[in-house]
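Undergrad: Take a look at this one; I'll ask things after.
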Amino acid sequence: MTQPETLSFATETRQLLKLMIHSLYSNREIFLRELISNASDALDKLRFEGYSNASLMDDGGELRIEVACDPIAHTVTVRDNGLGMSRDEVIANIGTIAHSGTNEFLQALESGQAKDANLIGQFGVGFYSAFIVADRVTLTTRRADLAETEGVRWQSAGEGDYTLEPTSAPRGTEIVLHLRDDAQEFSDDYRLKSIIRTYSDHITFPVCMPAAAAPAEDGAENDTDSDSDADSEQPPAWDTVNQATALWAKPKTEISQEQYDSFYKQLAYDAQPPLALLHSRIEGGHDYTALLFVPAQAPFDLWDRERRHGVKLYVKRVFIMDDAAQLLPAYLRFARGVIDSDDLPLNVSREILQNNKVVDAIRSGCTRRMLSLLEEQARDEADKYARFWGLFGRVLKEGVVEDHANRDRIAALLRFASTRESEQTVSLADYVARMKDGQKAIYYLTADSQAAAAASPQLEVFRARGVEVLLLGDRIDEWLASSLPNFDGKPLQSAAQADLKLDDLGPADAEQPAVAEADWKPTLSVLQTALESKVESVRLSDRLTESPACLVASKDGISGNLERLLKSAGQDVPDSKRVLEINPHHPLLARLKAQADAEHVADWALLLYEQALLAEGGQLEEPAQFVQRLNRLLLEQ
Ligand code: ADP
Ligand code: MG
């Protein structure tokens, strides 16, 4: 026999193992779920490859997972007769971590956010959870397409390195955990059984444990010749411990809420039950079953549009793939669940999924059903919907931009804060229902944040006239607003646009005295000259009541917020100048008007412009000069 060969873990792996072993204390029992889930994946893969190469399935009997423990040797063993791994695959899959979630998980561990081992499965590093309970792990595996003698044994204490040696092995993988002193509790049949029922009940393959032995007549320790007992030459009888059925394939009426919840928890690695679920069997045309859930907490990679491991694709109950991104649009990527098609071929690949009529039909059907589910919740369970909105509202907003066919339905699901409601609870329908007489548009204001929008001087006229304005502070809101020209026949209009038809808004509560435009001509032209390079024009405002000045977008120009967003995204934005509106009722302007020929009038003009910029959350172009200007004026007093 050749000597075992020693190899080193990749640096990241080593770091991960160390942190994991030392920082995860709660829910240590999930190691079993992770190993069973890997075994189940390997069985899925074998069954899948078996469709094109039947000989792979030849030996090995029923596809299943076996779990056993030995309280005397202090071990737990998990075995599957799945696809197994070649030597290179062992090195690539177990010695290195190629998963993209690794870094995120390392960060979560380092920052102490993840004390709970339950999270591991989400990050794709489940195998290593074995080392939370074991100080030595032996993995013996043989790939289904290799000869019996071409197996590999991998062994490690979870520190710097591991060994590999060739061995004979049956098809599949066996993992033996040598339990740590503080983890002896796991070499107990009863305990293992209850862990399997909690975490792996919905694995679609049987998970078996040795059938309970008949009670021993004598103490087992005294039974020194038990090895030669006639009984022990019989293969042990095994009991199936889990449900081992595809829950989604059962009729709805036969499934309890508890079963749905536990299915979801096992599928999504979530400790909390879902916020909502939909379970439909669609027939006629393309037949499929969808069981989809809305989680009650946001997955860690929600903001990564490329990484979607929400929906598993099955074909006639056979697992095909995880992360089937084509099955739902990106703006529903928070959903978790299973879609099982009757019509797709079993050898379907990701490429085939991309341009496929069946997939298109499933996608649009599931999208419509998810929207109905959200609509029902918004109507009947306002509290839950508010929770949903807080978690996933920003993701759903992408749908208004991307999904034209469903735009109006998604728009009706949006919730905003406004000048009346500080929480994001106002729907567009609510807004329309309380529009003032004569009001023709739905007004909104975008800014860096909701708070910045709420503080904007541009709202003064709306406040004075009691007109509600929606306050939009998410990054996506600019695109949202420009993708939604109207709702319920009412145009959406930015409150920062120059050509507001303010007269339509009805009289202000306290009417300001009329202003003689002609009186202001000289002042306006002085300001205009001083600000030539900064603004398109300067004019009297009828939207300000308290602030001296504000900036508004010219008729075809873009708003200041959009300009900042585009610039921060590294885009070349053509310099579009805006309009400076001044408040003729403000004492500062009255003074400027009286001294329009003063020496420092250019400073005044610039300061007016700069404070308008600051007030809307913008950044000064020349902060140092701003300070100098301000100081010059202060010294003058
Ligand atoms: P994940 O399951 O998310 O890929 P894991 O850390 O749990 O991450 O497993 C790493 C990889 O090791 C798996 O993707 C698989 O390729 C391989 N693997 C683990 N257990 C088995 C097994 N029982 N049979 C075959 N391959 C396995
Ligand atoms: Mg895994």
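The values are calculated or read from the model by the stated rules, or taken from the named source; none is laboratory data. The structure displayed is predicted, hence computed values, not measured ones. Note that each Cβ is placed from the backbone with ideal geometry, even for glycine, and that neighbours are counted across all protein chains shown. Just the protein is used for accessible areas: all its heavy atoms, side chains included, with ligands, DNA and RNA removed. Shrake-Rupley method; radii C 1.70, N 1.55, O 1.52, S 1.80 Å.
Undergrad: Kindly write out, for segment 558-570 in residue order, the coupling ³J(HN,Hα) from the Karplus curve 6.51 cos²θ - 1.76 cosθ + 1.60 (θ = phi - 60°), rounded to whole Hz, with x marking Gly and Pro.
TA: Calculated HN-Hα couplings, in order: 9, 6, x, 5, 5, 4, 5, 4, 5, 5, 6, 8, x Hz.
Undergrad: I would also like to ask the following. For segment 580-587, what does the Karplus curve 6.51 cos²θ - 1.76 cosθ + 1.60, with θ = phi - 60°, yield as ³J(HN,Hα) per residue in whole Hz, taken in order and with x for Gly and Pro?
TA: 8, 9, 10, 9, x, 8, 7, x
Undergrad: Could you please state how large a percent of the accessible area of segment 517-636 is carbon and sulfur, counting protein chains only and using a 1.4 Å probe?
TA: The C+S portion of the solvent-accessible surface of segment 517-636 is 52 percent.
Undergrad: Starting from the amide H of A276, placed 1.01 Å from N in the peptide plane, find each other amide H under 5 Å away whose residue is 5 or more places distant or on another chain.
TA: The answer is V294.
Undergrad: Another question, then. So which trypsin sites (Lys or Arg not before Pro) in segment 540-637 pass both tests, a DSSP loop state and at most 12 other Cβ atoms within 10 Å of the Cβ?
TA: K555
Undergrad: Excluding ligands, DNA and RNA, what is the solvent-accessible area per residue of the chain at a probe of 1.4 Å, expressed in Å²?
TA: Averaged over the residues of the chain, the accessible area is 47 Å².
Undergrad: Another question, if that's okay. Pull up all non-local amide H partners of C208: gap of 5 or more, or a different chain, and H-to-H distance under 5 Å with H placed in the peptide plane.
TA: Answer set, sorted by chain and number: I65, E66, V67, V241.
Undergrad: Which whole-number percent is the relative contact order of the chain (Cα, under 8 Å, 6+ apart)?
TA: 8
Undergrad: Can I ask one more? Net charge within 15 Å of R629 by Cβ-Cβ distance, Lys/Arg positive one each and Asp/Glu negative one each, not counting R629 itself?
TA: Summing Lys/Arg as +1 and Asp/Glu as -1 gives -4.
Undergrad: Mind checking the angle between helix 257-268 and the chain's longest principal axis? C-alpha axes, 0 to 90 degrees, to the nearest 10.
TA: Here the helix axis deviates by roughly 90 degrees.
Undergrad: To the nearest 0.05, what FRET efficiency results for R463 and L630 with a Förster distance of 25 Å applied to their C-beta separation?
TA: 0.35
Undergrad: Continuing with the same structure: With an 8 Å cut-off on Cα pairs and a minimum separation of 6 or more residues, tell me the relative contact order of segment 346-469 in percent.
TA: 15
Undergrad: Less than 16 Å apart at the alpha-carbon level, and either on another chain or at least 8 residues along: which lysines does that give for K18?
TA: Of all the lysines, those that pass the test against K18 - Cα under 16 Å, at least 8 places apart if same chain - are K115.
Undergrad: Which of the GluC sites (Glu not before Pro) found in segment 130-175 are in a DSSP loop and have at most 14 neighbouring Cβ atoms, other than their own, within 10 Å?
TA: For GluC sites (Glu not before Pro) across segment 130-175 that sit outside H, G, I, E and B with at most 14 neighbouring Cβ atoms in 10 Å, the list reads E159.
Undergrad: Near K252, which lysines are there with a Cα under 22 Å away, not counting those fewer than 8 places off in the same chain?
TA: Excluding near neighbours in sequence, the set is K265, K312, K316.
Undergrad: Next question. Counting only helical runs of four or more DSSP H residues, what would the 222 nm mean residue ellipticity of the chain come to if each run contributes -39,500 (n - 2.57) and the total is spread over all its residues?
TA: Dividing the helical sum by the residues of the chain leaves -10000 deg cm²/dmol.
Undergrad: Show which aspartates and glutamates lie in cross-link reach of K593 when reach means a straight Cα distance below 19 angstrom and same-chain residues fewer than eight apart are skipped.
TA: E517, D519, E532, D542, E546, E581, D603, E610, E636
Undergrad: Multiplying the sequence separation of Q184 and Q595 by 0.36 nm and subtracting their Cα-Cα distance, what value in nm do you get?
TA: Between Q184 and Q595, full extension yields 139.2 nm more.
Undergrad: Give the residue list of GluC sites (Glu not before Pro) in segment 244-283 that are DSSP loop and have at most 11 other beta-carbon atoms within 10 angstrom.
TA: Those satisfying the criteria are E283.
Undergrad: Non-local amide H neighbours of Q493 (under 5 Å, H modeled in plane, Pro and chain starts lacking H): which ones?
TA: Those qualifying (amide H under 5 Å, at least 5 residues apart or on another chain) are I442, Y443, Y444.
Undergrad: Restricting to bridges with both residues inside the chain, how much of the DSSP beta-bridge set is antiparallel, in percent to the nearest 5?
TA: Once the DSSP bridges in the chain are tallied, antiparallel ones form about 75 percent.
Undergrad: Please give the helix 30-50 orientation as an angle from the longest Cα principal axis of the chain, in degrees from 0 to 90, rounded to the nearest 10.
TA: 80
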